[in-house]
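Engineer: Quick one: the structure is below, questions incoming.
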Amino acid sequence: MSEIIQKLIEDFDSSFYFYDLDGFEAHLKSIKAELHPDIKIWYATKANPLSKILSILNENGFGADVASLGELHQAKTAGVKNLISTGPAKSPKYLKTLMENNVSTIIIESIQQLQDLNQAAGNLGRRQDVLIRLQLDWSSSSKSVLGGSGITPFGLHPLDWEKENFTQYTHLNIIGLHCFQWGNILDAAELKKIWDQTISECVNFAHKKNINLKVLDLGGGLGVSYKDDKKLPFSSAHEILLEMKEKYSLQEIWLELGRFSIAEYGHYFTKVIDVKNVRGKKIVVTEGGINHLARPALVSESFPISAMRTSVDTTYSVHGPLCTALDYLGDHELPLDLKPGEWLHFKKTGAYGFTESMPYFLCHGLCGEAYLHHGKVVVARSPETSESWMK
Ligand SMILES: Cc1ncc(COP(=O)(O)O)c(C=O)c1O
């Protein structure tokens, strides 16, 4: 792979993402090989909506969760056949568009969505399958962009839903529940505790509201370690789900996996612009930072970074090019004699990378995207300067 990367560095001379989609496809196939027919996995498009990723998922029999009109369009264009939709902002127009595009299950996150979708389904003369999204009281301290223990706009609390008479929504078919409010869980025992507690509350709610729990969607959250090479084996998570299915007599369990699907297969490369000592601290300033890769600023966890050579290392504080202290990419062990013009490699950046970044601030360039599939390197996007998008 290092020859491919060297060639891309020479061709682009600017920051870029590289995705190993052969590795990604092998990962999908290994998941597929052990999946029980009642455990269904959807891809969370928000993790990385690159069209080639979506088409590979589709070819391997996976559907996708879309959470915006843009993701819907992207998934449809990439040929994804099976779609579901989550997300707190669904206008009447968007709900109608989801139905017109045959999104099979729509996750309902508010009473407004329930009313608007029922109306849209009535107007189209169809019944729409839906899941009701629950937001539980949550005590986990694990850090998540979903808000962890805070009150969030994702779904409603069981007590908020309880007042609602679901039978009045005659154009909707409530096939189950959705509950997801944790993030990046690496430990199988912790996952089991979270799922057990969640499922037990969902089952109670379904019983109270007379919902036939055909589907229980537990969202995402399977972890990827950014600190070390520790991995959560898919087989452990799968085994827990089968145990839960048995314990609670569930029919189908769904997951919407983002990070666990694609994170490991993404690599981001950027150039060192400056190296300096500031009040006793070694600082590296890079061409790309949170303008290409915002996650370190969002969850205060950096990606693993290495230089492109072996050396004697020392600790540097790595910063991107934006004029804000937020553009901090973590403290990392890098060569003592690191020089401007050298390149840095950020690993495990396949999920929540390119489209989660904040590229417009300060009018820096957009980074490139290239991938390897069936042994061939394809440039999906060459790096662009700000002239391409500034008005
Ligand atoms: C509704 C929903 N499903 C799935 C995911 C994917 O989560 P992960 O990347 O942890 O698998 C997210 C992430 O925010 C989400 O909001």
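The values are calculated or read from the model by the stated rules, or taken from the named source; none is laboratory data. Keep in mind that this is a model prediction, so the values were computed, not measured. Here the Cβ positions follow ideal geometry from the backbone for every residue, glycine too, while neighbour counts run over all protein chains shown.
Engineer: If you go through the stretch 81-94 one residue at a time, do you hit one that is of a type in the set (S, T, Y) and in contact (Cβ under 8 Å) with a residue 40 or more places away in the chain?
Structural biologist: The answer is yes, given that some residue of the stretch 81-94 is of a type in the set (S, T, Y) and in contact (Cβ under 8 Å) with a residue 40 or more places away in the chain.
Engineer: Considering each of N118, N173 in turn, give the residue that is more than 26 Å from F260 (Cα to Cα) and part of a strand (DSSP E or B).
Structural biologist: Matching residue, one of N118, N173: N173.
Engineer: Return yes or no: is S139 among the polar types (S, T, N, Q) and within 22 Å of I199 (Cα to Cα)?
Structural biologist: It is true that S139 is among the polar types (S, T, N, Q) and within 22 Å of I199 (Cα to Cα).
Engineer: Take the residues in the stretch 35-59 that are within 21 Å of L216 (Cβ to Cβ) and of a type in the set (A, V, I, L, M), then tell me which one is surrounded by the most Cβ atoms within 10 Å (Cβ to Cβ).
Structural biologist: Applying the filter and picking the extreme gives A44.
Engineer: Going by what's in this entry, would K96 be described as crowded, with 21+ Cβ neighbours inside 10 Å and not aliphatic (A, V, I, L, M)?
Structural biologist: No: the conditions fail for K96.
Engineer: Being touching a residue at least 40 places away in the same chain (Cβ under 8 Å) and within 16 Å of the ligand (Cβ to nearest atom) narrows it down to one residue among G155, G150, G70; which is it?
Structural biologist: The conditions single out G155.
Engineer: Quickly run through the stretch 99-109 and pick out the residues that are assigned to a helix (DSSP H, G or I) and out of contact with any helix residue (DSSP H, G or I) (no Cβ under 7 Å at 6 or more places or on another chain).
Structural biologist: Of all residues in the stretch 99-109, those assigned to a helix (DSSP H, G or I) come to 99-100.
Selection gives E100 alone.
Engineer: I'd like to check which helices (runs of 4 or more DSSP H) are fully inside the stretch 218-314 and have at least 2 residues that are free of Cβ contacts under 8 Å to residues at least 60 places away in the same chain.
Structural biologist: On the way: elements: 234-247, 259-262, 295-299.
Result: 234-247, 295-299.
Engineer: Restricting to the stretch 339-363, name every residue that is in a loop (DSSP other than H, G, I, E, B) and more than 15 Å from the ligand (Cβ to nearest atom).
Structural biologist: Looking only at the stretch 339-363, we keep the residues that are in a loop (DSSP other than H, G, I, E, B), and these are 339-342, 348-353, 357-360.
Across the stretch 339-363, the qualifying residues are K339, P340, G341, E342, S357, M358, P359, Y360.
Engineer: Is there a residue being at pLDDT 95 or above and in a helix (DSSP H, G or I) anywhere in the stretch 79-90?
Structural biologist: Among the residues of the stretch 79-90, not one is at pLDDT 95 or above and in a helix (DSSP H, G or I), which makes the answer no.
Engineer: Looking at (1) away from the ligand (no atom under 16 Å from the Cβ); (2) outside any helix (DSSP H, G or I), can you tell me which one Q197 breaks?
Structural biologist: All conditions pass for Q197, except number (2).
Engineer: Identify, by number, the condition in (1) more than 19 Å from K271 (Cβ to Cβ); (2) more than 16 Å from the ligand (Cβ to nearest atom); (3) in contact with a Pro (Cβ under 7 Å, 6 or more places away or on another chain); (4) not basic (K, R) that N291 doesn't meet.
Structural biologist: Here N291 clears every test but (1).
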